[in-house]
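Reading through the structure tokens given below for one structure.
The values are calculated or read from the model by the stated rules, or taken from the named source; none is laboratory data. Just so we're clear, the structure is a prediction, and the values are computed from it rather than from any experiment. Glycine gets a Cβ as well: all are built from the backbone with ideal geometry, and neighbour counts include every protein chain shown. Remember, those area values only see protein heavy atoms, side chains included, never the ligands or the DNA or RNA. Shrake-Rupley method; radii C 1.70, N 1.55, O 1.52, S 1.80 Å.
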Amino acid sequence: MKEVEIRRLLAANLLCVFAVILTAVVPGFFWEGFTVLGTHLAWLCICSVCVGTVNVILHLVLKPNHSPKRSSFAHKISRFLKCCIYFFMSCIIFHAIIVLYGAPLIGSVTETFLFSVLLSTFTTLQCLCMLGPNTHAWIRVFSKNGATSIWESSLQITTVCSILGAWFGAFPIPLDWDRPWQVWPISCSFGATFGYVAGLIIAPLWLYWNRKQLTYKSR
Amino acid sequence: MRLRSGVFASSCLLVEVLGVALFLRGFFPVPVRSLPRREARGDPPAEPAPPGPGMVSNWTKIPPPLFKKVVVVLIDALRDDFVFGSKGEQFMPYTKQVIEKGTSYSFIAEAKPPTVTMPRIKALMTGSIPGFIDVIVNLNSPALLDDNLIWQAKTAGKRIIFYGDDTWVKLFPKHFVEYDGTTSFFVSDFTEVDDNVTRHLDRVFKREDWDLLILHYLGLDHIGHVTGPNSPLVGAKLREMDNILKKIHISLLSKEEASLPNLLVVCGDHGMSETGSHGGSSAGEVHTPLLFISSAFEKRSGPLTQPERVQQTDLASTLAVGLGLPISRNSVGNLILPVVGGRTMREQLRFVHLNGFQLSRLLQENTPAYEKDPGYEHFKIAEKSHANWIKLYLEGNNSEILLNLGKKVLKQYLEALKTLSSSLSRQVAQYDMYSMMVGTVIIMEVLLLLFLSIPKALSSRAEFEVPLSLPLFSLLFYLVCLMLCAVHVIVCTSAESLCYFCSMSWFTAVGVMMLISALMCGILSAIAKIFENSRLPVKNPVVSSSGWSEIDVLILAGTVGHVLSLGASSFVEEEHQTWYFLINTLCLVLCQDLCRNNFLLKEYDPQHSTNVKQNFGEASEYKNMDIPAADNSKLGKTISSAEFIRGSDKWISLASPWIILICCRLLRSLNQTGVQWAHRPDFGHWLTSSEHKSELSFLAAVSLLMIFFLVQRRCSLVSKIAMALGLLGVYSYRAAIGNVIFPWQHDSKDISKGITEARFVYVFVLGIVFTGTKDLLKSQVISSDSSVKSTGLWEVYSGLVLLAALLFRPHNLPVLVFCLLIQTMMTKYIWRPLKFDAAQITIMHYWFGQAFFYFQGNSNGIATVDVSAGFVGLESYVEIPAIFFTAFATYAGPVLWAIHLLCYLSSEVSRNSAAVGHGCFCYALMRSLPVAVYIVLVTGLRYHLFIWSVFSPKLLYEGVHVFITATICLFFTAMDHNHSHKVQD
Ligand SMILES: [Zn+2]
Ligand SMILES: [Zn+2]
């Protein structure tokens, strides 16, 4: 039972990884002069949109948090709107945190905001897909021992990895190597992306490794 | 013998100070120098004798001077583009015209860092490269004892007149027949310093009784420091300088007689960076113009080309030749050939021969294997061809052939000169490895000892046993001691180069050896004890049971990461970024801790979902999915602390990390430091510019008011009044020296030195500190309740705050306000509810102290040290208070945080009786770790390209910081003392 779930998780995660890789490669065929470094902002948009779409589709197909109760159409709409508001709020908050970390307040607002959108896609959007705009569940999942399924454990791992990746991505900025990827926010968004990809790969492997010890409280 | 953690840590730090001092003495090399100038020296070399019998050159003496009168105009901080760039075109029309059409030669002279005035004057006048250590003694410049141009000129009977920066008068006492020194005491004085020089000119040019006139103009440097290189004041000053140059040039031309022409030299001692300061090695600081103007030169033909690059040290040799003096013996400079280009070939060859001879002799005196040096070999070859040329010349050969041959010899000579001086310049970076090694060994041993005693020192008793009389160890001690002495003798007898540690007296050396072996035995006994303990079955329950919280992980990762980052020059330059990054992350982790405390076991409140949401990253530790059993204690703690905060306090507590984050962000934009982004506009520059004086005054007044409100709440009534008066005094001091204005006085009145006002404040500082000390002594002697002691500590602290408020520049007062604000918030809403242990709190304090060091506008470069703090309230330069004030103003951030830590920890004594001891120990450890690692790194990187510009200043900062930390730790220990007495009672 558990192994089947883990296999499904692995497949889903690998799909996300491929989505990320494709965003770096495919637009080059349609768009003359597209490179991840050169047209970084465009890539940030494309990557956010693609990863977001893939996540939403995967969520609709796999339905990891199979909630038994049927909900009305109006309820669904309000849920969706709530999700949108939450996502937007998370973008703003990430932006604020990045500015607090020292990003320029007025200059390069676009770069900072797109980076915060990317971070939100890697973290908040996933949570919204998995848990919905239900803050109770969020606090539960992100407190110690709060995960109740493999999917939620994976969610924890990828989120932490993305944020840690972005954190580590800031390290090379002060170095005086004058490389193109040291420009704000390229190294950070690379860090976040690598962290996210690493998280996606690590999560199923780690869960598989520890499948004996895993015990989830039933809801 | 029993030792408490605090005592142990402070004694370790004291030993470490010794080690650091020894290392620094070995690291900063003594500059290349010849024998002291007063010792007998050989006569100048004769012209190389032509080969063959019977032929002798008749030139054995130094050639006669080429110029009659020489005027050197040194414009402080004159950057190359001020003359050769667009600014020169715009503001210096006369000079520009002379460069383009007149009889002149222009060069860009490269100054070696440190680009500070005194070492640069030394370089210009001795031709040697002063060691880095000269920066430290820049403030009280002693007389220059090396062979130098001024001394040579004086002994040759030249009459020298000097007007300008009085550094010269101190460097060359009794050398000038007439002088007028102006102090650079007030950096905000732009006109008077220069008028003091210019007012003498008319009189001097009417007279005939001088040979060398030196003028040092300081105004441009002051303008640069205060307003930066792009201010309109720079243009006006350059125009003034241009007029002065015009005047000098015309009067020199009018005085000229048929016999010998005159020479005008225009140079800068260093440039200025984009922010207007200097000291580092950026292109703007290093490149200075160097102009030679004389009717002896040929008129420039053809279009103007980019000026050639020369070294600053070349001026000394060139001027020596021009004045007909022997070249200074320590000079590593080359003769600038175009200046003597008008002379005959024989003379030119003679000059470069003299220069080469001097350089090769300097090489002989400084390297044992000088014969293998390529420069020396080149020189010998050139000398030979020179002799052949003389032979041809004396035989009266065809002038055309002779000229071509002469040009060839000249080329050989020039090449030899270049190689010689580059290999001599390289010699400056010769390290005294033995002293460095001894220092490193001491520091590493101290660090190891501190590490090994962590478990004991941080135990609840905070005491440990030091075995002093174990026979095995005493035997080992004697053995190690003997061995080290033997090594010392071997090293010192076999070393060729000068070694500081060897030159110390025998008693001191043996003392140091004994210290090293004692430390070694201490380490060995600590290791032995650890093995003994590990054999016992009882485990230390504290270490094993509680897991690592996020704070612990961050503290460890941050400390290790910071230490490792010191190996990269960019991370040293931008160290402030590391600290800002770390304290930001620390605040976020604290926020997450607070959220967990408040929300985990309580009803969910929708209002604060955002706070939780942003921190889910850190909040989840995926390690913990396999439900560990040991969480009960943590839950208990959470419940108790959740009860502790209620109502509005809870919300303030949750918001406080965010407020702190916003404060830090504001402070970060107050002062841009570092190197890469230092030129970015910041709030501090905006405030200090003269148009925003009223804003600055308002900010300063508000800040002083805030300081009063934040400090006074825990003071006694008397110190409250003293504090208020003192802060008023600070404002009136700043108003008196013209930094801020009173609202009722709009026209800027006369600017004074503000001595009375500053001394008025000093009286209150002393008064408050004295009251505090009295309370402390009372609590110590009568051993009354601890509230007296905490009031006393707080009063000492507030006295220091007042002193910092006086010494800080007015635009930096918000740093002080935010420092107090953050400390208050942290104490009240974060540390108390979260119940961290003393070690964690100490490390957080240390981090914030470091961040505030950079918030003040400090950096790891020499240029950001605010020397003006050393002159507050002083009539003239007085060494001890000036050094104390400068050090305090520079390290105010770390010091204030450390004293606040002491206040906090001693108020926590009721909860944890050993808190102060733990804090002291951790503080010592946090300081020793980076110093020890950095010293090893610097030793490894000593041939790095940036060793002088980046790593050495940082080394000095680290050394001073160790010294200050040792003082603070002693204070800690003193405060800890009476407490332990009480416990024993
Ligand atoms: Zn200067
Ligand atoms: Zn200066």
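Structure data summary
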read-out	value
Per-residue average of Cβ from other chains inside 10 Å of A:135-143	6
Residues with amide H under 5 Å from that of B:Tyr217, placed H, sequence gap 5 or more	B:Leu74, B:Ile75, B:Asp76
Solvent-accessible area buried by B and A, counting both chains, probe 1.4 angstrom, square angstrom	3800 Å²
Order by protection proxy (mean Cβ within 10 Å, highest first), peptides B:883-889, B:220-226	B:220-226, B:883-889
Computed accessible area, B:Asp837, all protein chains, 1.4 angstrom probe, square angstrom	80 Å²
59 Å tail of the calculated P(r), the protein assembly as shown, as % of Cα pairs	26 percent
Sequence-separation-based contact order of the range B:849-985, relative, with Cα cut under 8 Å and 6+ spacing, percent	27 percent
Theoretical ellipticity at 222 nm over the protein assembly as shown - DSSP helices of four or more residues, -39500 (n - 2.57) apiece, nearest 500	-20000 deg cm²/dmol
Built amide H within the under 5 Å cut-off of B:Glu308, gap 5+	B:Ile108
Rounded percent of accessible protein surface that carbon and sulfur make up, the range B:660-747, 1.4 Å probe	70 percent
For residues of B:567-578, the mean tally of beta carbons on other chains within 10 Å	3
HN-Hα J in Hz across the range A:191-205 - Karplus 6.51, -1.76, 1.60, θ = phi - 60°, x for Gly and Pro	x, 4, 5, 5, x, 5, 4, 4, x, 4, 7, 5, 3, x, 5
Solvent-accessible heavy-atom area per residue, rounded to whole Å², over the protein assembly as shown at 1.4 Å	43 Å²
Within straight-line cross-link reach of B:Lys753, lysines at Cα separation under 28 Å, skipping those fewer than 8 residues along the same chain	B:Lys170, B:Lys237, B:Lys693, B:Lys720
Packing-based order for B:276-288, A:126-138, using average beta carbon neighbours within 10 Å, highest first	B:276-288, A:126-138
Cross-link reach list, aspartates and glutamates versus B:Lys255, counting only Cα pairs under 17 Å and skipping chain neighbours closer than eight places	B:Asp202, B:Glu208, B:Asp209, B:Asp211
Crossing angle, helix A:73-100 versus chain A [Cα axis fit, 0-90 degrees, rounded to tens]	40 degrees
Heavy atoms of B:His175: accessible area, 1.4 Å probe, square angstrom to 10	20 Å²
Cα centroid separation - the range A:89-112 against the range B:872-925, whole Å	36 Å
Residue-by-residue Karplus 3J(HN,Hα) for the range B:18-25, coefficients 6.51, -1.76, 1.60, Hz, glycine and proline x	4, x, 5, 4, 5, 4, 4, 4
Simple label model, 7 Å out from Cα along Cβ direction - B:Ser694 to A:Met89, nm	4.3 nm
Members of B:Lys96/B:Lys247; B:Lys69/B:Lys411; B:Lys174/B:Lys246 lying beyond 19 Å, as alpha-carbon distances in this model show	B:Lys69/B:Lys411; B:Lys174/B:Lys246
Vicinal HN-Hα couplings computed from phi for the range B:305-312 (Karplus, 6.51 cos²θ - 1.76 cosθ + 1.60; Hz; Gly/Pro x)	9, 4, x, 6, 8, 10, 8, 4
Other protein chain Cβ atoms within 10 Å, averaged over every residue that makes up A:204-214	1
For the range A:166-191 versus the range B:369-439, the gap between their alpha-carbon centres in whole angstrom	49 Å
Cβ crowding within 10 Å averaged over residues, with B:207-213, B:661-667, A:150-156 ranked highest first	A:150-156, B:661-667, B:207-213
Which of B:Tyr934, A:Tyr86 is most accessible, then next, and so on - probe 1.4 Å	A:Tyr86, B:Tyr934
Within-11-Å neighbourhood charge of B:Gly224 [Cβ basis; K, R +1; D, E -1]	-2
Area of B:Glu110 that stays accessible when all protein chains are in place (1.4 Å probe, Å², to 10)	60 Å²
